Amino acid sequence: MQLLLKSVDFAARAHRDQRRKGPAEEPYINHPIEVSRLIVECEPHTDETILCAAILHDVIEDCGATRDEIAACFNDAIADIVLEVSDDKALPRDDRKAKQVENAPNLTPGAKLVRLADKVANVGAMLTDTPIGWDEKQILAYVDWAEAVIAPCREVSDGLSARFDAIARDVRAVHSDDKEAVI
């Protein structure tokens, strides 16, 4: 438990000035906490290392933390999972998105669990706090892309997979041009 609380403290400090992109401008730290919570709800016996990595999953790509810094503060296992799920911000956005799909089959089981829970949370935000300026086409494209990313990750959690499917179905129902056909 001490390690988990230490990861929440580290992530909260790292994300302190960040907000989500939706109109609620929710503090960003709520997202990694949600990712970890989703894992615990669906896979209650998950090792604390994976839960810590879930809390820290965006600190490399969004806050400038390094793998070595995470390893020094926590351990190599946590740092390795965080690095696995971190995008290389030096690449253009479309390349980063393509790499997530390409690399997903090769993730370790812990990284797959974090990636799956992250996409459940992000797709869920399309219902509750859609990023400002996103139209229905962008929202639906995001859901389709997220589905491609998590396809090889589903094996690690039937519960998270079912949650993703339910949320994706709801997002498609709300944002489809042909709402009657989707429902």
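The values are calculated or read from the model by the stated rules, or taken from the named source; none is laboratory data. It should be emphasised that the depicted structure is a prediction, and the values quoted were computed from it without experimental measurement. Cβ sites come from the backbone with ideal geometry, for glycine too, and all protein chains shown count toward neighbours.
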Pairs please, first residue from the range 14-34 and buried (at least 17 other Cβ atoms within 10 Å of the Cβ), second anywhere and modelled with pLDDT of 95 or more and of a type in the set (Val, Ile, Thr), Cβ atoms under 6 Å, 6+ apart in sequence or on different chains. Ala14/Val59; His15/Ile29; Pro32/Ile55
Taking the range 94-144 as the region of interest, how many residues are over 28 Å from Glu48 (Cα atoms), among the β-branched types (Val, Ile, Thr) and part of a helix (DSSP H, G or I)? 3
Among Arg163, Arg154, which is the only one that is in contact (Cβ under 8 Å) with a residue 60 or more places away in the chain and either closer than 21 Å to Ala104 by Cβ or not acidic (Asp, Glu) (or both)? Arg163
Subset of the range 145-167, residues surrounded by 18 or more Cβ atoms within 10 Å (Cβ to Cβ) and either assigned to a helix (DSSP H, G or I) or at pLDDT below 95 (or both), comes to Ala146, Val149, Ile150, Cys153, Val156, Leu160, Ser161, Arg163, Phe164, Ile167
Which condition number does Ala72 fail, the rest of (1) under 27 Å from Phe164 (Cβ atoms); (2) exposed (fewer than 15 other Cβ atoms within 10 Å of the Cβ); (3) small (Gly, Ala, Ser) being met? (1)
So which of Leu51, Leu38, Leu4, Leu56 ends up being touching a helix residue (DSSP H, G or I) at 6+ places or on another chain (Cβ under 8 Å) and farther than 17 Å from Asp118 by Cα? Leu4
Among the residues of the range 26-45, is there at least one that is at pLDDT below 95, over 17 Å from the mean Cα position of the chain (by Cα) and not in a helix (DSSP H, G or I)? no
Tally the residues that are charged (D, E, K, R) and buried (at least 18 other Cβ atoms within 10 Å of the Cβ), restricting the search to the range 98-122. 4
